[in-house]
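The values are calculated or read from the model by the stated rules, or taken from the named source; none is laboratory data. On a predicted model such as this, the values are computed, not experimentally measured, just so you know. Quick reminder, even Gly has a Cβ in these numbers, built from the backbone with ideal geometry, and neighbours come from all protein chains shown.
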Amino acid sequence: MLNNLRPYLGRITDPIASRIRINPNYVTLAGFIIALAAGYAFAMKNLFLGGLLIALSGFMDIIDGAVARENSKTTKFGGFLDSTMDRFSDAFILIGITYGGFINWLNGMLALHASLSVSYVGARAEGEGIPCSIGVAERAERLLILMLGAFLGSVLGDFVMEIAIILVIILGYFTVIQRIYYSWKMMSHG
């Protein structure tokens with residue numbers, strides 16, 4: 001859903017990206033390192049800093065593609081690296097939240113599984129030639145939920161992060177179902 005905003009975000013990110021003259025893969029790796037720092041902040045029980053670092057990592061994830069497009073450096077490897085680092089980033093953030101004690105281990109594992117499953121089902125459909133960027137909880141939405149949970153949790157209490165994780169689980173699995181159904185329709189009737 002939030003991916004539909006990318007063309008509008010381009011008005012902000014493209015001028016910034018046109019000034020960045022480094023390999024976009026370095027921007028991708030910087031975003032991953034920031035996500036690692038977010039996971040560490042959560043593990044050290046710092047919700048606000050974790051949320052702030054998720055926001056910065058998400059910004060880097062938007063900028064890396066814009067840098068590649070603006071500087072004519074889009075490559076298959078760049079897309080592969082970006083997708084791979086996104087999965088690692090999601091995992092380390094959720095591991096940090098779980099390790100920090102904001103949620104129980106079962107919910108942490110379910111949130112991780114739901115997040116990875118959304119990506120896997122989408123990639124598998126695309127492997128069959130079906131563009132599958134659909135669903136209520138793509139990566140941007142899941143990160144936004146975690147970021148808001150962190151910010152609100154730092155003010156209202158840790159229980160807000162538990163609510164955010166439960167939302168990630170429910171909406172993540174719902175998105176998996178949406179993608180499976182969409183892929184089935186495309187394969188059966190396409």
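Assess whether I166 counts as being of a type in the set (A, V, I, L, M), farther than 24 Å from M44 by Cα, surrounded by fewer than 20 Cβ atoms within 10 Å (Cβ to Cβ) and touching a residue at least 24 places away in the same chain (Cβ under 8 Å). Give the derivation first.
Numbers: of a type in the set (A, V, I, L, M): yes; farther than 24 Å from M44 by Cα: no; surrounded by fewer than 20 Cβ atoms within 10 Å (Cβ to Cβ): yes; touching a residue at least 24 places away in the same chain (Cβ under 8 Å): yes.
Judged against the criteria, I166 is not a match.
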**Asked** among the hydroxyl-bearing types (S, T, Y), assigned to a helix (DSSP H, G or I) and either surrounded by fewer than 19 Cβ atoms within 10 Å (Cβ to Cβ) or at pLDDT 95 or above (or both), is that true of S115?
**Response** yes
**Request:** Go through the residues of the stretch 35-54 one by one and say whether even a single one is assigned to a helix (DSSP H, G or I), touching a residue at least 12 places away in the same chain (Cβ under 8 Å) and touching a Lys or Arg at 6+ places or on another chain (Cβ under 9 Å).
**Result:** no
**Request:** Kindly establish whether T98 is surrounded by fewer than 19 Cβ atoms within 10 Å (Cβ to Cβ) and hydroxyl-bearing (S, T, Y).
**Result:** no
**Prompt:** Does S183 satisfy the condition of being under 24 Å from I33 (Cα atoms), at pLDDT 95 or above and among the hydroxyl-bearing types (S, T, Y)?
**Reply:** no
**Complete:** In the stretch 8-36, residues that are crowded, with 20+ Cβ neighbours inside 10 Å and either among the small types (G, A, S) or touching a Cys at 6+ places or on another chain (Cβ under 6 Å) (or both) total 3
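Suppose the filter is farther than 23 Å from L9 by Cβ and at pLDDT 95 or above; does F151 pass it?
Details: farther than 23 Å from L9 by Cβ: no; at pLDDT 95 or above: yes.
Criteria not met by F151.
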**Fill in**
The condition from (1) touching a helix residue (DSSP H, G or I) at 6+ places or on another chain (Cβ under 8 Å); (2) over 26 Å from K45 (Cα atoms); (3) of a type outside the set (D, E); (4) assigned to a loop (DSSP other than H, G, I, E, B) that S72 misses is numbered (1)
**Item:** Inter-residue pairs, beta-carbon under 7 Å, first free of Cβ contacts under 8 Å to residues at least 40 places away in the same chain and in the stretch 81-92, second of a type in the set (A, V, I, L, M), 6+ apart
**Value:** R87/L116; A91/L112
**Item:** Answer residue from the stretch 1-21, given it is assigned to a helix (DSSP H, G or I), among the basic types (K, R) and at pLDDT 75 or above and is nearest to G58 (Cα to Cα) among those
**Value:** R11
**Prompt:** Can you name the residue in the stretch 164-188 that is touching a helix residue (DSSP H, G or I) at 6+ places or on another chain (Cβ under 6 Å) and not aliphatic (A, V, I, L, M) and is also nearest to I93 (Cα to Cα) among such residues?
**Reply:** G172
**Number of the exception - G58 against (1) at pLDDT 95 or above; (2) within 20 Å of G149 (Cβ to Cβ); (3) in a helix (DSSP H, G or I)** = (1)
